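The values are calculated or read from the model by the stated rules, or taken from the named source; none is laboratory data. Predicted model only: the values in this text are computed from it and were never measured. When we count neighbours, we look across all protein chains shown, and the Cβ atoms used for this are built from the backbone with ideal geometry, even at glycine. Calculation scope for accessible area: heavy atoms of the full protein, side chains included, ligands and nucleic acids excluded. Shrake-Rupley method; radii C 1.70, N 1.55, O 1.52, S 1.80 Å.
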Amino acid sequence: RYAWKSADVSELWGESTAPFALDAKTGEMRWRYDAEDSIRHNAITIGNGHVYLIDRPMATEDKLKPADKAKLTAVPNINHPPGRIVALDISTGKIAWKGERDAFGTMLALSPQHDALLMGYQSTRFKLPSEIGGKLAVYRASTGKELWQKEAKYVTRPLINDRTIYTQGGAWDLVSGEEKGFVLNRSYGCGQLAGSKHMLLFRSATLGYLDLSRGSGVENYGGIRPGCWINALPVGGLVLVPDASAGCACSYQNRSWMALSGTHEE
């Protein structure tokens, strides 16, 4: 359905039924997985020699047309049955392990370093009705064993930074689930968090950033408008910021692409 205003997303499919792998040299199909139900593309992640996905029925409410959006206020419970997490061998496509039919989430993220698979939601400003938020769970990526699951309120896509999960709403230890003291006070604007080892980047009216090494709180680089998803990118010691204000009527002076560099002192 339309996620924002009258944007035409009729050909931008967010789910599919048969991921497959091709041989990079010959183009021949190596393997194919046929879903029992449906696979949301945000619920696919790759690492540690595996492809992880959530095989889950589609949410009926996600199919509504723009004119029907108001009906959702009268729906107390979203009709989105749970699915199961599936781990496939990346070389053969054979199932390494399957979870129970209790997968509640709509996205996965992987930490190869800690052998941890995070399941959650993308409870964002432009979310579909099924992105209800409210939970997080982490599994042992190699075996599928659940490490922890808990209620968690957040309004951004969860971000893994080493052994910490950061969101606008809180932070948790990736392996134990222990809640950490973390507050993200940012100004208005949509968009998601991006991060490097020492810094989180996001829109906070202008370009906002949080230096994790100094405890200085949210700071701003003014005059530029980051986009409504992720476009302040920490890459190779730089912060790359493509312009995202060309279609915006707000007053932002610097309509340009830029690369910002800095030094970090221990």
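Brief remarks on what is shown
- Using a Förster distance of 30 Å, the FRET efficiency for residue 180-residue 206 (Cβ separation, nearest 0.05): 0.65
- Kirkwood radius, region 102-167, all distinct C-alpha pairs, inverse of mean reciprocal distance: 12.1 Å.
- Of 168, 27, 103, farthest towards positive along the dipole that unit charges on Lys, Arg, Asp, Glu beta carbons give the chain: 168
- Sorted largest first, extent of region 164-234 alpha carbons per principal axis (Å): 39, 24, 21
- Under a Gaussian network description of the chain, with springs only between Cα atoms under 10 Å, the residue in 123, 16, 251 that fluctuates furthest is 251.
- Here semi-axes √(5λ) of the Cα gyration tensor in Å was calculated from the structure, and among (i) 40, 30, 16; (ii) 45, 20, 18; (iii) 31, 24, 20 it sits at label (iii).
- Protein accessible area in the chain, 1.4 Å probe - carbon and sulfur %: 51 percent
- Under a model in which nothing but the beta-carbon of Lys, Arg (+1) and Asp, Glu (-1) is charged, the chain shows a dipole of about 520 debye around its Cα centre.
- The GNM of the chain, with springs linking C-alpha atoms under 10 angstrom apart, assigns the highest mean-square fluctuation among 34, 173, 62 to 34.
- Between residue 248 and residue 31, the modelled labels are 4.3 nm apart [label points 7 Å from Cα along Cα→Cβ].
- Residue 171 long-range amide H proximity, modeled H, under 5 Å: 180, 182
- Spin-label pair residue 23-residue 98: with each label point 7 Å from Cα along the Cα-Cβ axis, the two points sit 2.9 nm from one another.
- For region 133-194, the percent of C-alpha pairs falling in each 5 Å distance bin, counted from 0 to the bin holding the largest distance, reads 4, 17, 28, 25, 14, 7, 3, 1, 0.
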